[in-house]
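Only one structure is covered here, and it is reproduced in the block below.
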Amino acid sequence: MVETDELRSTDLPAAAALLSRCHSGTAQWAGAESAVAHAQAAQQSIAASLPGALPVAARIQGELVGFLVAPMPVTPGARTANMALASHAAEPDVVREVYRALYMAVAGPLAQAGFLRHQVGVLVEPDSVVASWFQLGFGVDQIHGLQSLKTVTLSPNRVVETRRATADDLANLTDLAVELIKFHTRPPMFHSGRFLDHVTDPARDSYPADLLDRDQLRRDLESSIAGSTSAVFVADDGDRLSGFMQVQPDGRFRRTASIGQAVVAETERSTGIGTALLAAAVTWSAQQGFDRCSVGWTSTNPISDPFWRNRGFQPVRYRLAREIDPWAAGVSERDRSRPTT
């Protein structure tokens, strides 16, 4: 029988060994290696995630068989708790039972604290881990794929002028970033993203544009443009920017560049601009010494999903998500506080 209690500091070596075993050999597509595939890196990652979190251990007859570090965000009004890829692990032969026990231990406290969207990062393989979370009510929200820079071949169907972005492009880049966020709120995505994380009334009859922090978007882009290890590429037809793509080091896989925001203006889609921007990002990544390129996309996105898959990106990681009914969470809390007779 699986029992849960607090993950203690004395558990860290065993937890790190378990995490590294679970990541070793499971993310080897295109030669990629998870950043926590080694025990020392795994222990550092777990230790760094503990402050302000809810750390839970799963044990069978006193032996550690799994753990989960659930963050308790401190941002006022935040409603999303994101359990990162390196914040959990379970012994393969008891994976289903362990994850059910671990999630049961954290789901209530998270909901009581107002975190009604629960997210967890998992590797695509082994599928027993994915299935365990599916059976707990989670579904695929984001897909992250990898592509080897040694084998990638891209053939834009037109000549597109691409270049590195400069500070002079920030106004146009911010407009495109806003367009991208608004696009994700359309069906079938209905995806608010981090910019709407503080919405407390989801029954709004119009897009809450006032909640978009344009200044923050601009600062993020400015940082990418100025960064020594990042780049932003733009498609420039001389009159205006028709798209851009960010790229920077990937924190989850070694020797891997990661594509961040990528957008093509709606009026310019399916004209080769996205492929041209990707070619520029891939060329830069290879010049920087990376072996692979990664990218994440919303699972329900009808444009991004075929675009990335058709250009050789193979899914290796999912971000799973579950939305908790706020009414049910409120009733549950009231029931727990009701006197018993």
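The values are calculated or read from the model by the stated rules, or taken from the named source; none is laboratory data. Worth saying up front: this structure is predicted, and the values here are computed from it rather than measured. Positions of Cβ are generated from backbone atoms using ideal geometry, with glycine treated the same way; all protein chains shown enter the neighbour counts. Each accessible area value is taken on the protein alone, full model and side chains, heavy atoms only, with ligands, DNA and RNA left out. Shrake-Rupley method; radii C 1.70, N 1.55, O 1.52, S 1.80 Å.
Would you check if there is a residue in segment 308-329 being out of contact with any strand residue (DSSP E or B) (no Cβ under 8 Å at 6 or more places or on another chain), within 21 Å of residue 79 (Cβ to Cβ), in a loop (DSSP other than H, G, I, E, B) and not aliphatic (A, V, I, L, M)?
So in segment 308-329, the residues out of contact with any strand residue (DSSP E or B) (no Cβ under 8 Å at 6 or more places or on another chain) come out as 310, 325-329.
Checking which are within 21 Å of residue 79 (Cβ to Cβ) leaves us with 325-329.
Then keep just the ones that are in a loop (DSSP other than H, G, I, E, B); that gives 325.
Subset that is not aliphatic (A, V, I, L, M): 325.
Taking every residue of segment 308-329 in turn, at least one turns out to be out of contact with any strand residue (DSSP E or B) (no Cβ under 8 Å at 6 or more places or on another chain), within 21 Å of residue 79 (Cβ to Cβ), in a loop (DSSP other than H, G, I, E, B) and not aliphatic (A, V, I, L, M).
Got a sec? Which of 64, 68 is at pLDDT 95 or above, buried (at least 17 other Cβ atoms within 10 Å of the Cβ) and within 22 Å of the chain's Cα centre (by Cα)?
68
When both residues are 6+ apart or on different chains and their Cβ atoms are under 9 Å apart, which pairs have a first residue that lies in segment 152-172 and is under 11 Å from residue 235 (Cα atoms), and a second that is open to solvent by 60 Å² or more (accessible area, probe 1.4 Å) and not polar (S, T, N, Q)?
As it stands, the answer is 160/237; 161/237; 161/238, since those pairs meet every condition given.
Could you please give the count of residues in segment 100-109 that are at pLDDT 95 or above and either open to solvent by less than 30 Å² (accessible area, probe 1.4 Å) or in contact with a Phe, Trp or Tyr (Cβ under 6 Å, 6 or more places away or on another chain) (or both)?
Selection size over segment 100-109: 5.
Which strands (runs of 3 or more DSSP E) sit wholly inside segment 82-194 and have at least 2 residues that are of a type in the set (A, V, I, L, M)?
Once the strands (runs of 3 or more DSSP E) in segment 82-194 are filtered for at least 2 residues that are of a type in the set (A, V, I, L, M), what remains is 88-90, 117-123, 139-148.
Please pick out the residue among 112, 135 that is open to solvent by 20 Å² or more (accessible area, probe 1.4 Å) and either over 25 Å from residue 315 (Cβ atoms) or touching a Leu at 6+ places or on another chain (Cβ under 6 Å) (or both). Give the derivation first.
Numbers: 135 fails: either over 25 Å from residue 315 (Cβ atoms) or touching a Leu at 6+ places or on another chain (Cβ under 6 Å) (or both).
Of the residues listed, the single one that is open to solvent by 20 Å² or more (accessible area, probe 1.4 Å) and either over 25 Å from residue 315 (Cβ atoms) or touching a Leu at 6+ places or on another chain (Cβ under 6 Å) (or both) is 112.
Every residue in segment 212-259 that is touching a residue at least 60 places away in the same chain (Cβ under 8 Å) and part of a helix (DSSP H, G or I), please.
Residue satisfying the conditions is 225 alone.
Anything in segment 260-285 that is under 19 Å from residue 227 (Cα atoms), part of a helix (DSSP H, G or I) and open to solvent by 30 Å² or more (accessible area, probe 1.4 Å)? List them, or say none.
Residue satisfying the conditions is 283 alone.
Residues 75, 4: which one is more than 21 Å from the chain's Cα centre (by Cα), surrounded by fewer than 21 Cβ atoms within 10 Å (Cβ to Cβ), not small (Gly, Ala, Ser) and not in a helix (DSSP H, G or I)? Quick ask: steps written out before the conclusion?
On the way: 75 fails: more than 21 Å from the chain's Cα centre (by Cα).
After applying the criteria, what remains is 4.
For segment 170-188, state whether one or more residues are open to solvent by 50 Å² or more (accessible area, probe 1.4 Å), of a type in the set (A, V, I, L, M, F, W, C) and over 17 Å from the mean Cα position of the chain (by Cα).
yes
For residue 313, which of the numbered conditions (1) open to solvent by less than 20 Å² (accessible area, probe 1.4 Å); (2) hydrophobic (A, V, I, L, M, F, W, C); (3) over 23 Å from residue 181 (Cβ atoms) fails to hold?
Here residue 313 meets the rest and fails (3).
When residues of segment 286-305 are filtered for being within 19 Å of residue 139 (Cα to Cα) and open to solvent by 20 Å² or more (accessible area, probe 1.4 Å), how many remain?
Residues that pass the stated criteria total 6.
Filter segment 83-99 down to the residues that are free of Cβ contacts under 8 Å to residues at least 60 places away in the same chain and open to solvent by 30 Å² or more (accessible area, probe 1.4 Å), then identify the one that is nearest to residue 142 (Cα to Cα).
By that ranking, first place goes to 84.
Kindly provide the set of residues from segment 51-61 that are surrounded by fewer than 18 Cβ atoms within 10 Å (Cβ to Cβ) and at pLDDT 95 or above, ordered by number.
60, 61
Scan segment 247-268 and tell me whether some residue there is of a type in the set (Ser, Thr, Tyr), more than 16 Å from the chain's Cα centre (by Cα) and at pLDDT below 95.
yes
Among (1) of a type outside the set (D, E, K, R); (2) over 20 Å from the mean Cα position of the chain (by Cα); (3) farther than 28 Å from residue 315 by Cα, which single condition is residue 43 missing?
Here residue 43 clears every test but (3).
Just one of 139, 66 is in contact (Cβ under 8 Å) with a residue 24 or more places away in the chain, more than 30 Å from residue 260 (Cβ to Cβ) and not aliphatic (A, V, I, L, M); which is it? Break it down into steps so the answer makes sense when it comes.
Details: 139 fails: more than 30 Å from residue 260 (Cβ to Cβ).
Matching residue, one of 139, 66: 66.
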